[in-house]
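Engineer: I have a structure here, written as structure tokens, and I will follow up with some questions on it.
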Amino acid sequence: MRRLLTIGAFAVLIAGCGHDLGSLESSDSPVARYDWSSRDGGMDALLEGTLEMRGGCLVVNPSWDEAETVVIPVFPRAHASWDADSDVLSYAGHGYEIGDSIWAGGGFVPAPPTAAIPASCAVKAGDDVFLVQTTSLEPPEG
């Protein structure tokens, strides 16, 4: 009996250590996402701008362009979660609301077939998206 309790407690402990994706993987999630690990390295482009919701798709309005311009950021599942009740993106433990500024390393590429891009983002074959490849959305210190 004690062994069964120990196994049960261990299972609860392991489950508690998992990354909570919130509503990230729900069918109506506005967040584009993919699998990436910082061990995989990354690209060198910078996406700096404001989080916006456009037509049910979480986008970034880049600081270097006009208000109509949007970039579809594709966030790594390992770092991101989505709270559908409050429209908050959590990334590496920090919450970002619509209207907040982000600063992300990564790169512009055609949407990879393995990425989950919401239909509301209206990304067509060959359209570029921004693969976020950084462990923080905050600007570096200094």
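The values are calculated or read from the model by the stated rules, or taken from the named source; none is laboratory data. Just so you know, these numbers come straight off a predicted model, no measurement behind them. FYI the Cβ positions are ideal-geometry reconstructions off the backbone, even for glycines, and counts take in every protein chain you see.
Engineer: Given the conditions (1) touching a helix residue (DSSP H, G or I) at 6+ places or on another chain (Cβ under 6 Å); (2) among the hydrophobic types (A, V, I, L, M, F, W, C); (3) modelled with pLDDT under 90, report the number of the one that ILE72 does not fulfil.
Structural biologist: With respect to (1) touching a helix residue (DSSP H, G or I) at 6+ places or on another chain (Cβ under 6 Å); (2) among the hydrophobic types (A, V, I, L, M, F, W, C); (3) modelled with pLDDT under 90, ILE72 is out only on (3).
Engineer: Kindly provide the set of residues from segment 10-40 that are modelled with pLDDT under 60 and under 16 Å from ALA92 (Cα atoms), ordered by number.
Structural biologist: CYS17, GLY18, HIS19, ASP20, LEU21
Engineer: On to the next question. Do we find that PRO62 is at pLDDT 95 or above and surrounded by fewer than 14 Cβ atoms within 10 Å (Cβ to Cβ) in this structure?
Structural biologist: No, not satisfied.
Engineer: Out of everything in segment 88-142 that is at positive phi and modelled with pLDDT under 95, what residue ends up being farthest from the chain's Cα centre (by Cα)?
Structural biologist: Applying the filter and picking the extreme gives GLY142.
Engineer: If you take the residues in segment 86-100 that are in contact (Cβ under 8 Å) with a residue 12 or more places away in the chain and not in a strand (DSSP E or B), which one is nearest to GLU25 (Cα to Cα)?
Structural biologist: So the residue we want is ASP87.
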